[in-house]
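Working notes for the structure below.
The values are calculated or read from the model by the stated rules, or taken from the named source; none is laboratory data. Fair warning: this is a prediction, and the values are worked out from it, not measured in the lab. For neighbour counting, all protein chains shown are included, and Cβ atoms are generated from backbone atoms with ideal geometry for every residue, glycine included. Accessible surface areas use protein heavy atoms only, side chains included; no ligands, DNA or RNA. Shrake-Rupley method; radii C 1.70, N 1.55, O 1.52, S 1.80 Å.
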Amino acid sequence: MKIYLDQLEAQLTKNLPAMIWLSGDEPLQMREASDLVRQRCRQQGFNERELHDVDNTFDWRELVNANNSMSLFSDKKLIELRLKNSKMDDASRKILQSCLDDPSPDNILLMTSPKIEAASTKTQWFRKLEAASLVVQIYPVDTSRLPRWIHQRMQHHSLQADAAAVQLLSDRVEGNLLAADQEIEKLSLQFGKNAQITAEHIARSVADNARYNIFGLVDACLDGNAQRAVKTLRRMRDEGSEALMITAMLGKELRQLTEMGSRLQRGEAQAAVYQSHQVWKNKQAMTDRALRRLKPATTLQLLQHVRTVDLAVKGMHPVPPWVVLEQLVTRFARA
């Protein structure tokens, strides 16, 4: 059966299927859905948890062994598979289907993955799997629905908020549900239960997560917006961020761009490259623009600049680290 996220709790109250597949790219909702499944399983006596991270090297026979082996610590166990990729080859499909054809009453399988591609949901194999399990496709909260999500989240924390406050918070986090949730928790701790939250409260207490954090900095660099990137970097400096942490994040992004660019130059399909590097849909257009600007030779030069910043942070370069770091950010965004 395929359901939406808001139907999951009610469905789990009715019964626990042999397998639950949570699929999506929004981290907060995926985390909370997984936690809900684990909680319901524990309530039903599935007290042991066996975890497997599934990548290209995973031997799917481990699932068969896990499904057939007796629990060491309880009568029932939850077997979790964390898939790096929602696509499976024929061998893994057959093994998964065999476990569903002959399910163990003492085991439940929880599978989490990035978004299932539309083409995969139309296959005969998927439809057969869907009929024998519970499939939950988790979609990002778009801009139009974000104020409603924030309002409901505030109510969950016993906070009351007027429309202006909800809209301001929505504008500040720009779709980042993790940031929104963190800010709502801070408001709850700061003002207590049943507090009436206004736009003035939001403006005073909420940091501008959308623009002044490391993720905003990386996005500005990828998007080629040097002015926003430098402004973000200076704000982070003023707020006491560590230059070494920022440098590490920029270096990680540049190494990923180098590898993706090299694979694309070798003729690999863009969709496969993006999927293996977990470039989700909301960042693909930005990454497209970055890869058109930044060929592997350029990103390798920028990585050399990263090493210069690292030396400056450690006092082994004559130029102050924040100056060298700002030069790196400008080059990254303008190259």
Item checked: Meets criteria (in a helix (DSSP H, G or I), among the hydroxyl-bearing types (Ser, Thr, Tyr), farther than 15 Å from Glu253 by Cα and open to solvent by less than 70 Å² (accessible area, probe 1.4 Å)) for Thr308 -> yes
Margin query: Please go through region 249-281 and give me each residue that is farther than 28 Å from Gly315 by Cα, touching a residue at least 60 places away in the same chain (Cβ under 8 Å) and surrounded by 13 or more Cβ atoms within 10 Å (Cβ to Cβ), ordered by number.
Written below: Gln275, Ser276, Trp280
Notebook entry, point to check: Would you call Leu325 modelled with pLDDT of 95 or more and part of a helix (DSSP H, G or I)?
Noted result: yes
Note to self: Give me the residue from region 105-131 that is in contact with a strand residue (DSSP E or B) (Cβ under 9 Å, 6 or more places away or on another chain) and hydroxyl-bearing (Ser, Thr, Tyr) and, out of that set, farthest from Ser276 (Cα to Cα).
What the structure shows: Thr121
Checklist line | Enumerated helices (runs of 4 or more DSSP H) restricted to region 1-108, each holding at least 2 residues that are more than 16 Å from Leu134 (Cα to Cα) and either modelled with pLDDT under 90 or of a type in the set (A, V, I, L, M) (or both) | finding: 27-43, 61-68, 90-101
Notebook entry, point to check: Restricting the search to region 126-155, which residues are open to solvent by 50 Å² or more (accessible area, probe 1.4 Å), assigned to a helix (DSSP H, G or I) and either in contact (Cβ under 8 Å) with a residue 24 or more places away in the chain or closer than 20 Å to Glu26 by Cα (or both)?
Noted result: Lys128, Ala131, Arg148, His151, Gln152
Next item on the list: Of all residues in region 1-32, count the ones that are open to solvent by 20 Å² or more (accessible area, probe 1.4 Å), under 22 Å from the mean Cα position of the chain (by Cα) and among the hydrophobic types (A, V, I, L, M, F, W, C).
Entry: 2
Next item on the list: Could you list all residues from region 249-286 that are within 16 Å of Glu117 (Cα to Cα) and of a type in the set (A, V, I, L, M)?
Entry: Ala269, Ala271, Ala272, Val273, Val279
Checklist line | Answer residue from region 311-320, given it is open to solvent by 40 Å² or more (accessible area, probe 1.4 Å) and part of a helix (DSSP H, G or I) and is nearest to Met236 (Cα to Cα) among those | finding: Val313
Checklist line | Single match in Ser98, Ser92 (criterion: open to solvent by 50 Å² or more (accessible area, probe 1.4 Å), under 24 Å from Gln137 (Cα atoms) and not charged (D, E, K, R)) | finding: Ser98
Check: Of the conditions (1) open to solvent by 60 Å² or more (accessible area, probe 1.4 Å); (2) in contact (Cβ under 8 Å) with a residue 12 or more places away in the chain; (3) farther than 24 Å from Phe126 by Cα; (4) not small (Gly, Ala, Ser), Asp35 fails just one. Which one is it?
Finding: (2)
